[in-house]
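J.: Sharing a structure with you now.
The values are calculated or read from the model by the stated rules, or taken from the named source; none is laboratory data. Computed from a predicted structure; not experimentally measured. Here the Cβ positions follow ideal geometry from the backbone for every residue, glycine too, while neighbour counts run over all protein chains shown.
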Amino acid sequence: MKNKNNFYDAIRKGLLIGRFFTGQTTEAEKNLLKRWRKASERHESLLEEIVSPENLRENVKRYDSLNAEKEWQILQPRLKHHASIPYRRIVSIAAAVVLCTGGIYLWLLSNQGDQAPREATSILPGTFQATLYTGDGTAIPIRKDMTGALLQDSSIVIEKNLLIHRASSAPQEEVADRMIVTPRGGELPVVLADGTRVWLNSDTRLTFPAIFSGKERVVTLYGGAYFEVAENKEMPFIVKTARSRVQVYGTAFNMSAYSNDSRQKTALEKGSISVWVGDNEYRLYPNEQAEVWADGEVAIVPVDAKKQGTWRKGKFVFENERLEEIMNQLARWYDVKIVFANARLMQLHFSGELNRYNDLERLLSMIELTTHIGFKIDGTTIIIYSQSITKTMY
């Protein structure tokens with residue numbers, strides 16, 4: 001009975017995956033699939049395997065008669081008498097039936113014609129790396145698996161891929177500010193002397209004092225970071241950027257303040273913050289995001305703030321985001337150049353959840369499966385173009 005239940009469960013999950021990627025699921029079914037994906041890392045890896053171009057091409061060959069429904073009717077009784085077939089294989093076959101009849105089949109078929117297959121790429125994701133600048137002209141490279149003190153007074157040490165800052169023993173006036181810079185393709189988690197934790201995204205600069213003193217704890221950010229601020233009502237935490245001043249009252253929030261992005265975004269996950277733009281204060285509540293545009297215009301919009309910071313946990317989560325902003329994120333993380341063949345493509349919107357540590361080829365393939373755009377990789381340049389498919393997925 002257990003094998004039989006597993007068999008039917010595998011079929012249901014496969015059909016649900018196929019329906020999802022061809023835009024046929026209800027909201028309840030989407031939530032069901034979301035829970036299944038989160039229940040196990042094996043489920044997530046299985047889904048990525050199913051919709052990988054290699055697996056789809058294999059199943060295209062299997063259903064090359066373009067009569068997948070008939071093939072499924074023939075295959076079902078054979079499967080029922082072979083309940084020992086691996087769960088993964090049953091899910092894959094069931095999903096492929098829907099994918100092949102839902103538009104992805106024809107897309108793959110057209111790409112197997114006159115076009116040469118896209119060569120495999122070795123563009124890998126970013127990793128733990130940064131440079132510490134001490135203010136006296138010294139630059140100290142930081143790499144993965146380093147251990148020990150970076151400064152003679154041990155005020156900055158590296159332990160288990162975590163940079164820990166401790167207050168310097170020297171007088172404040174004798175010690176210059178510190179600055180940590182993550183390159184394109186770099187990231188770094190940091191603990192400041194007051195206990196505040198900061199996750200630095202790629203292509204980011206964080207400047208902070210050797211000693212927090214006075215009435216405020218002030219840091220300066222250019223780039224992206226997630227903050228968990230240690231509460232201290234007597235000494236508020238301030239984050240300065242090129243467009244705003246964020247006053248923090250003990251909280252967790254995500255900031256994206258890149259100079260080449262059209263807007264600066266501050267999303268509050270919990271606690272309380274105020275975003276100051278000039279003399280205007282904008283108080284945020286949990287699950288609100290302040291968007292500051294280059295011309296000084298400010299918008300407060302509702303968001304799922306928890307998802308905004310999932311990059312630090314190895315996930316890209318996009319919710320109806322413009323393709324231009326998405327590709328800016330990927331360009332910084334994979335250290336590549338982005339070229340749009342048509343400027344109108346920048347305005348397209350995309351929703352999805354992707355593994356931040358996949359190689360670029362695999363990640364772009366996932367995006368291709370749910371949009372009508374294509375990618376061409378030329379060295380470290382990614383060219384984005386429009387392509388025709390039978391059906392646009394969700």
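J.: For segment 162-180, does any single residue satisfy the condition of being at positive phi, assigned by TED's automatic domain parsing to the domain that holds residue 142 and either at pLDDT 95 or above or not polar (S, T, N, Q) (or both)?
T.: no
J.: Check 345, 354 and return the single one that is without any contact (Cβ under 8 Å) to a residue 40 or more places away in the chain and among the aliphatic types (A, V, I, L, M).
T.: Exactly one residue qualifies, and that residue is 354.
J.: Check segment 309-331 and report whether any residue there is surrounded by fewer than 16 Cβ atoms within 10 Å (Cβ to Cβ), modelled with pLDDT of 90 or more and touching an Asp or Glu at 6+ places or on another chain (Cβ under 7 Å).
T.: yes
J.: May I pose another question? Residue check: is residue 350 part of a strand (DSSP E or B), in contact with an Asp or Glu (Cβ under 8 Å, 6 or more places away or on another chain), more than 19 Å from residue 257 (Cα to Cα) and among the hydrophobic types (A, V, I, L, M, F, W, C)?
T.: yes
J.: Sticking with this one: Run residue 289 past the list (1) outside the structural domain of residue 230 (by TED's automatic domain parsing); (2) free of Cβ contacts under 8 Å to residues at least 60 places away in the same chain and report the number of the one that doesn't hold.
T.: So residue 289 meets the others, but not (1).
J.: Of the conditions (1) farther than 17 Å from residue 350 by Cβ; (2) surrounded by 15 or more Cβ atoms within 10 Å (Cβ to Cβ); (3) hydrophobic (A, V, I, L, M, F, W, C), residue 303 fails just one. Which one is it?
T.: Status for residue 303: all satisfied but (1).
J.: For segment 231-251: of the residues being modelled with pLDDT of 95 or more and of a type in the set (A, V, I, L, M), which is surrounded by the fewest Cβ atoms within 10 Å (Cβ to Cβ)?
T.: Filtering first and then ranking leaves 238.
J.: Residue 262: outside the structural domain of residue 44 (by TED's automatic domain parsing) and at pLDDT 90 or above, yes or no?
T.: The answer is no for residue 262.
J.: Just give me the residues in segment 292-316 being hydrophobic (A, V, I, L, M, F, W, C) and touching a residue at least 60 places away in the same chain (Cβ under 8 Å), in sequence order.
T.: 311
J.: Within the set of pairs 6 or more residues apart or between chains, which connect a residue that is more than 17 Å from residue 301 (Cβ to Cβ) inside segment 264-284 to a residue that is outside any strand (DSSP E or B) and acidic (Asp, Glu) with Cβ atoms less than 9 Å apart?
T.: Close Cβ pairs (under 9 Å, with a partner that is outside any strand (DSSP E or B) and acidic (Asp, Glu)) amount to 271/231.
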